[in-house]
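**Student:** Quick one: this structure, given as structure tokens, is what I'll be asking you about.
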Amino acid sequence: MKKVITYGTFDLLHYGHINLLRRAREMGDYLIVGLSTDEFNREKEKTSYFPYSERKALLQAIRYVDEVIPEVNWAQKINDIKDNDVVTFVIGNDWEGKFDYLTEKTGVEVVYLERTPAISTTQIKKDLQEV
Ligand code: C2G
């Protein structure tokens, strides 16, 4: 089984997230999502509209997602990859280069995927304020 992993907050789930999850899943046959907890979001200086439990339920309803685990800190990726025998780490190219160290540490393939243009949770929040 070729396991793939990705991480994120996935708040106000939108088609940019779905495009990322679909492409990530297509790189293997099992996709794990490390979902940022509400506490870790604070470390990322992000606040999410939906709490962790709701964001998790939404992700679990997506056909491309096989497993959701909590993302509680920056350092856990190495153990997550080793403990789950993950072959490929995938994330949007807004993180280009930031996770190359994972290959040296675990041998995992690191893939940065093009972000979907013109959609973001921040933009959704802004647009809604103007309604
Ligand atoms: N994404 C995308 N296109 C968009 C918006 C988001 O491809 N228009 C991708 C991001 O690149 C990321 C994933 O969707 O790979 C989740 O986005 P966020 O929830 O914003 O993720 P982020 O807060 O960057 O968390 O340890 C890693 C962090 O937890 C990543």
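The values are calculated or read from the model by the stated rules, or taken from the named source; none is laboratory data. None of these values were measured; they are calculated from a predicted model. Cβ sites come from the backbone with ideal geometry, for glycine too, and all protein chains shown count toward neighbours. Areas reflect the complete protein model, heavy atoms only, side chains present, ligands, DNA and RNA absent. Shrake-Rupley method; radii C 1.70, N 1.55, O 1.52, S 1.80 Å.
**Student:** May I ask you to give the solvent-accessible area per residue for the chain, in square angstrom, as obtained with a 1.4 angstrom probe?
**Tutor:** Working: 7350 Å² over 131 residues.
Normalised by residue count, the accessible surface of the chain is 56 Å².
**Student:** Under 8 Å for C-alpha pairs, at least 6 residues apart: give me the relative contact order for the chain, rounded to a whole percent.
**Tutor:** Details: 198 pairs, mean separation 39.2, N = 131.
After rounding, I find 30 percent.
**Student:** Please give the charge dipole size of the stretch 1-105, origin at the Cα centre, charges +1 on K and R Cβ atoms and -1 on D and E Cβ atoms. Round to the nearest 20 debye. Display every interim value, and only then the final one.
**Tutor:** On the way: 15 positive and 18 negative charges, 47 e Å.
Once rounded to the nearest 20, the dipole reads 220 debye.
**Student:** A further question on this structure: How far apart, in nm, are the 7 Å Cα→Cβ label points at ASP85 and VAL131?
**Tutor:** 4.7
**Student:** Add +1 for every Lys or Arg and -1 for every Asp or Glu among the other residues with Cβ under 12 Å from the Cβ of VAL111, and state the total.
**Tutor:** Charge balance in the 12 Å sphere: -4.
**Student:** Compare the Cα positions of LEU20, ASN73, THR37 along the charge dipole of the chain (+1 at Cβ of Lys, Arg; -1 at Cβ of Asp, Glu; about the Cα centre) and return the one farthest towards the positive end.
**Tutor:** LEU20
**Student:** Same structure, new question: Go from 0 up to the bin containing the longest alpha carbon distance in the chain, width 5 Å each, and give me the % of pairs per bin.
**Tutor:** Values per bin, smallest distances first: 2, 11, 21, 24, 23, 13, 5, 2, 1, 0.
**Student:** Continuing with this model, one more query. How far is helix 15-25 tilted, in degrees, relative to the longest principal axis of the Cα atoms in the chain, given as a value from 0 to 90 rounded to the nearest 10?
**Tutor:** 10
**Student:** I'd like the carbon and sulfur percentage of the solvent accessible area for the chain, probe radius 1.4 Å, heavy atoms only, ligands and nucleic acids excluded.
**Tutor:** Here carbon and sulfur together make up 51 percent of the probe-accessible area.
**Student:** If you don't mind, there's one more thing I want to ask. If exposed means no more than 14 neighbouring beta carbons inside 10 Å and the site is in a DSSP loop, what's the longest run of the chain without any exposed GluC sites (Glu not before Pro)?
**Tutor:** Numbers: sites that count: GLU26, GLU45, GLU96, GLU114, GLU130.
The longest uninterrupted stretch comes out as 46-95.
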